[in-house]
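Data block below; observations after.
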Amino acid sequence: MGANLYSKGVLKVENSINGDYVSVAPPRGAPVAYGLQKLDASEIFKKRQGIAVQILESIYTMPSLRELRVYREGLLFDQSYPSIILGHILEPKPGERVLDMCAAPGGKTTHVAQLMNNKGVILACDRSSNRLKTLQDHICRLGIENIKLMNIDSRLLADNYTLKFDKIILDPPCTSLGHRPKIYDTVEIQQSNSLSQYQIQLFKTASKIIKPGGLLTYSTCTLPYYENELVVQYACEKLGFKIQEPFFKPAFKGEFSEEYPDLSMCLRFYPDLQDTPGFFITLLKKIN
Amino acid sequence: MYGVSDIYYAAEQYDFTLSIVEFFFDTYGYKRALKILHSLKTPVEKYALRVNTLKTSAIEVKEKLQAHGVNVIIDKKFNDIIYIPVSGPNKIRESNNIIVADKFRR
């Protein structure tokens with residue numbers, strides 16, 4: 001949306017060279033931008049860094065924030081409205097011990113650090129070392145001091161550590177069907193069903209390492225109920241969690257609320273009804 | 001009610017898989033599902049950003065962005081959320097030289 005195209009995002013260069021005017025297109029569909037190529041194909045694919053195309057015209061435009069000083073100085077983080085709301089709903093307090101089970105690239109983790117005023121500890125785990133490097137860069141840029149990074153599949157945390165946490169952020173990998181704009185998507189609904197099993201495995205670990213009475217936010221940026229209400233329902237029925245009413249309800253209630261009234265306390269952000277991505281948030285307490 | 005041809009047509013038009021389109025039709029009904037698919041093709045009108053209150057305030061960031069000609073709206077409830085309007089859709093020139101990209105990322 002108006003930002004330049006960096007080499008990392010380039011999949012294919014057809015015949016053009018440095019200095020040519022080019023159209024930028026997704027793998028499927030019509031071009032979304034027009035600009036000036038700044039590197040030859042060999043440089044783009046060899047170095048994988050730097051601006052590949054200086055965008056001159058774009059179908060949707062907004063300022064290139066990452067190139068502004070306010071961004072480089074760490075005054076801003078690029079984060080969707082529901083994702084920011086999640087941090088407020090968790091209400092982290094200075095001095096608490098918080099776990100983020102799938103932390104990278106770090107929007108929610110760094111927000112929680114901010115709300116804790118850099119006091120207390122956040123253990124930010126992710127199984128991707130590359131994505132943790134991105135998180136480390138954000139931590140430095142934002143001036144965060146209370147995040148510890150751990151490169152681990154969070155499902156293994158309970159096997160290897162005895163730590164207990166006051167609060168947990170569980171924002172697992174999902175089918176991401178709520179992203180906007182989404183030019184195309186190849187996800188099948190069966191993948192949503194399969195991913196829900198992985199999400200439940202993470203929830204099982206969370207249930208072992210959260211303190212009794214501790215709070216957990218479960219969230220996804222997708223729409224199918226397999227990865228949302230059904231996962232939360234499992235956590236309530238099998239893992240000793242109870243859904244909590246958030247202090248602020250800027251979204252719609254969960255699906256299946258008529259059959260299971262507690263699901264009405266879930267937050268559903270619908271892209272056709274709100275000016276947000278599709279998103280799901282639930283606040284839960286560990287009861288037993 | 002909808003038929004198989006409606007699923008094929010919507011999957012083609014919005015470039016989602018048949019199974020996802022069918023799931024949306026079953027879950028939300030035909031008309032609502034089309035609205036959801038349509039909304040997913042467009043960006044939000046107001047792009048949210050989080051202000052790092054460890055270093056600054058929404059008012060200070062607003063002033064700094066306005067100095068660059070950027071229009072900024074401050075959230076009414078939370079002091080760490082601001083919005084920037086997204087403009088479009090715009091007409092763009094086209095070239096025969098195509099660069100294929102998965103997304104605009106660093």
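The values are calculated or read from the model by the stated rules, or taken from the named source; none is laboratory data. Since we're looking at a predicted model, the values are computed, not measured. Neighbour counts are summed over all protein chains in view; Cβ atoms, including those assigned to glycine, are modelled from backbone coordinates with ideal geometry.
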Item to complete: Determine which single condition residue A:280 fails, assuming it passes every other condition in (1) within 14 Å of chain B (Cβ to nearest Cβ); (2) not in a strand (DSSP E or B).
Response: (2)
Worksheet item: For the stretch A:56-168, which fully contained helices (runs of 4 or more DSSP H) count at least 3 residues that are over 19 Å from the mean Cα position of the chain (by Cα)?
Response: A:69-72, A:157-160
Worksheet entry | Selection from the stretch B:66-85 of residues that are in contact with a Pro (Cβ under 9 Å, 6 or more places away or on another chain), at pLDDT 95 or above and within 7 Å of chain A (Cβ to nearest Cβ) | B:84
Response to the item:
Within the stretch B:1-16, of all residues that are surrounded by 16 or more Cβ atoms within 10 Å (Cβ to Cβ) and over 20 Å from the mean Cα position of the chain (by Cα), the one nearest to the other protein chains (Cβ to nearest Cβ) is B:7
Worksheet item: Can you name the strands (runs of 3 or more DSSP E) wholly within the stretch A:1-41 that have at least 1 residues being at pLDDT 90 or above, within 18 Å of residue B:88 (Cα to Cα) and assigned by TED's automatic domain parsing to the domain that holds residue A:55?
Response: A:21-25, A:33-37
Fill in: Which listed residue, of A:23, A:16, A:42, is closer than 27 Å to residue B:12 by Cβ and either of a type in the set (Gly, Ala, Ser) or facing chain B (nearest Cβ under 7 Å) (or both)
A:23
Fill in: The listed residue being farther than 22 Å from residue A:286 by Cβ and assigned to a helix (DSSP H, G or I), out of A:226, A:234
A:226
Item to complete: Taking only the stretch B:17-42 into account, find how many residues are assigned to a loop (DSSP other than H, G, I, E, B), at the interface with chain A (Cβ under 7 Å from one of its Cβ atoms) and at pLDDT 95 or above.
Response: 1
Worksheet item: When the stretch A:170-181 is examined, which residues are found to be surrounded by 22 or more Cβ atoms within 10 Å (Cβ to Cβ) and within 11 Å of another protein chain (Cβ to nearest Cβ)?
Response: A:175, A:177, A:178
